Amino acid sequence: MNTTNFIELDVRPILRAGGEPFEKIMEAVTTLAPGQGLRLWATFKPIPLFHVLGSRGYSHTEKALDNGDWEVEFSPGVSSTQVAPEVATASAAGASWPEPLQQMDARDWEPPEPMINILAVLELMNEGEVLAALLNREPLFLLPELSKRGHDWHGAFEPDNTTYKLIVRVGTAPGASV
């Protein structure tokens, strides 16, 4: 029996107008009381959001609606308030990494600025050097690009649950001559 009390958010009008509802969704999530969930309606199955909210302790159930829209319920985990944020990683969680030579605060930047600037700075750095970046969301599109370019990275939300800290160690691009 589901006893979760859900706050409802319909982002279909934002999406149909060509907007990006991520900020509105995250604002709703930060207002949830312990034990509350989020019921979301969208024009597509929001797969990237499953990972973002999953890393914050929420499970989800999704239902396709007759008109092609989706209804998704994000429910708090059994002990989501006691679970540390999941650390996404493409490396050994930063073990024995040097101190970052570059620091970047991209929390006030709008996509795709953080991705473009992080990749540009990494191009100027030497193999083994480390960049630390603060972001206002998990960089879902940047992470596979970092791996594709041969960089190691790890990241997680800070305890404030609004800042995502990404650490990148410059690697050698696959196929590059050594």
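Quick notes on this structure:
- All positions within the stretch 120-140 that are assigned to a loop (DSSP other than H, G, I, E, B) and of a type outside the set (S, T, N, Q): Met125, Glu127, Gly128, Glu129, Arg137, Glu138, Pro139, Leu140
- Considering residues of the stretch 131-172 that are surrounded by fewer than 20 Cβ atoms within 10 Å (Cβ to Cβ) and of a type in the set (Val, Ile, Thr) only, the residue farthest from the chain's Cα centre (by Cα): Thr172
- Extreme residue, least open to solvent (accessible area, probe 1.4 Å), among residues of the stretch 28-55 that are under 18 Å from Asn136 (Cα atoms), among the small types (Gly, Ala, Ser) and free of Cβ contacts under 8 Å to residues at least 60 places away in the same chain: Ala28
- If you go through the stretch 105-130 and pick out every residue that is more than 24 Å from Glu20 (Cα to Cα) and either touching a strand residue (DSSP E or B) at 6+ places or on another chain (Cβ under 6 Å) or open to solvent by less than 60 Å² (accessible area, probe 1.4 Å) (or both), you end up with 7.
- Test: residue in the stretch 12-27 that is out of contact with any Ser or Thr (no Cβ under 6 Å at 6 or more places or on another chain), over 22 Å from Leu135 (Cβ atoms) and in contact (Cβ under 8 Å) with a residue 24 or more places away in the chain: yes
The values are calculated or read from the model by the stated rules, or taken from the named source; none is laboratory data. Only a predicted model underlies this, so the values are computations on that prediction, with no experimental measurement involved. So basically every Cβ, Gly included, is an ideal-geometry build from the backbone, and we count neighbours across all protein chains shown. These accessible areas exclude ligands, DNA and RNA; they are computed on the full protein's heavy atoms, side chains included. Shrake-Rupley method; radii C 1.70, N 1.55, O 1.52, S 1.80 Å.
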